[in-house]
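The values are calculated or read from the model by the stated rules, or taken from the named source; none is laboratory data. Please read these numbers as outputs of a predicted model, since none were measured by experiment. Here Cβ is always computed from backbone atoms with ideal geometry, including for glycine, and neighbour counts include all displayed protein chains. With ligands, DNA and RNA removed, areas are computed over all heavy atoms of the protein, side chains included. Shrake-Rupley method; radii C 1.70, N 1.55, O 1.52, S 1.80 Å.
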Amino acid sequence: MLADIRVNVARRLGLTQEEVFAGQPLSAVLVASPSAINSIDLLDAFAGALADAGLDDDVELPTMTLDHTAEDVVSALGKQLATTSS
């Protein structure tokens, strides 16, 4: 489930999973992405990835800054999913 989110986020940003989830801040991912122009595009990539995985009704996107990593976002989503599935 989380692996699907990672794949779809990277695809939507036009980057490889390694480029998105290598531990750099979201601001660096934004700069590297050929398709994302601003933080709204990052938000859209995560929201779209949740929809692609059929999870858009199950979780809410966490509030994070551009100093957080993409893995921080996925980890927060995973915690929400663990709560909803228990």
Applied in sequence order to segment 31-38, the curve 6.51 cos²θ - 1.76 cosθ + 1.60 (Karplus, θ = phi - 60°) yields integer Hz couplings, x standing for Gly and Pro, of 5, 6, 6, x, 10, 8, 9, 8
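With every protein chain left in place, what is the accessible area per residue of the chain in square angstrom, probe 1.4 Å?
Values: 4790 Å² over 86 residues.
Computed with neighbouring chains in place, this is 56 Å² per residue.
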Counting only protein heavy atoms and using a 1.4 Å probe, what share of the accessible area of segment 41-82 belongs to carbon plus sulfur, as a whole percent? 47 percent
Segment 1-73: GluC sites (Glu not before Pro) in DSSP loop, at most 13 other beta carbons within 10 Å: 60
Scaled by the rule-of-thumb 2.2 N^0.38 Å, the alpha carbon Rg for the chain gives a ratio of 0.99
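I need the calculated FRET efficiency for the pair residue 83 and residue 51, taking r as the beta carbon distance and R₀ as 30 Å, to the nearest 0.05. Numbers along the way, then the final one.
On the way: r = 20 Å, r/R0 = 0.66.
Efficiency, from the Cβ-Cβ distance: 0.90.
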The chain, helix-only ellipticity at 222 nm - DSSP H runs n ≥ 4, -39,500 (n - 2.57), divided by all residues, nearest 500: -18500 deg cm²/dmol
For residue 4 the rounded accessible area (nearest 10 Å², probe 1.4 Å, non-protein molecules ignored) is 80 Å²
